[in-house]
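Asker: Shown below is the structure under consideration.
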Amino acid sequence: GTINAVVSFVPFLNAALLSAAPHLPLVTVITDWSSSQEHPWLQDRRQILFCPSAHAVAQANQARWPAHRVHAMSHLVVRRAFCAARGSASGALLSTHPASPRSPA
């Protein structure tokens, strides 16, 4: 088959993916609330970004990312049960994170 794009869910692989397949679009699905020094999602303006928070979109805009390559999502891409589990530390963390749309703040 034909490969039309590469999709990344891991920031540390983006540079290698761009290097290995510079002719293919790199779709980057940010799986943190935003880019940080520890998790550097915004690396190359050839990336097409799917941002899980308004803060991540603002970071891309501040970095002068091309607007047609920045797409806002309403939340992190995670399995529903991961967020909904009662008593789940991960679910509680997701719903109370300041950048979370579900945050009570």
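The values are calculated or read from the model by the stated rules, or taken from the named source; none is laboratory data. None of these values were measured; they are calculated from a predicted model. Don't worry about glycine lacking a Cβ; one is built from the backbone with ideal geometry, like all the others, and counts go over all protein chains shown. Keep in mind that these areas ignore ligands, DNA and RNA; they rest on the heavy atoms of the full protein, side chains included. Shrake-Rupley method; radii C 1.70, N 1.55, O 1.52, S 1.80 Å.
Asker: Any idea which of (1) crowded, with 17+ Cβ neighbours inside 10 Å; (2) touching a helix residue (DSSP H, G or I) at 6+ places or on another chain (Cβ under 9 Å) is the one His71 doesn't satisfy?
Answerer: Among (1) crowded, with 17+ Cβ neighbours inside 10 Å; (2) touching a helix residue (DSSP H, G or I) at 6+ places or on another chain (Cβ under 9 Å), the lone unmet condition for His71 is (1).
Asker: If you don't mind, there's one more thing I want to ask. Can you tell me which residue among Ser100, Ser19, Ser95, Ser88 is at pLDDT 95 or above and among the hydroxyl-bearing types (Ser, Thr, Tyr)?
Answerer: Working: Ser100 fails: at pLDDT 95 or above; Ser95 fails: at pLDDT 95 or above; Ser88 fails: at pLDDT 95 or above.
Of the residues listed, the single one that is at pLDDT 95 or above and among the hydroxyl-bearing types (Ser, Thr, Tyr) is Ser19.
Asker: Can you say whether Thr2 is among the β-branched types (Val, Ile, Thr), open to solvent by less than 80 Å² (accessible area, probe 1.4 Å) and modelled with pLDDT under 95, as far as the supplied structure shows?
Answerer: Numbers: among the β-branched types (Val, Ile, Thr): yes; open to solvent by less than 80 Å² (accessible area, probe 1.4 Å): no; modelled with pLDDT under 95: yes.
In short, no.
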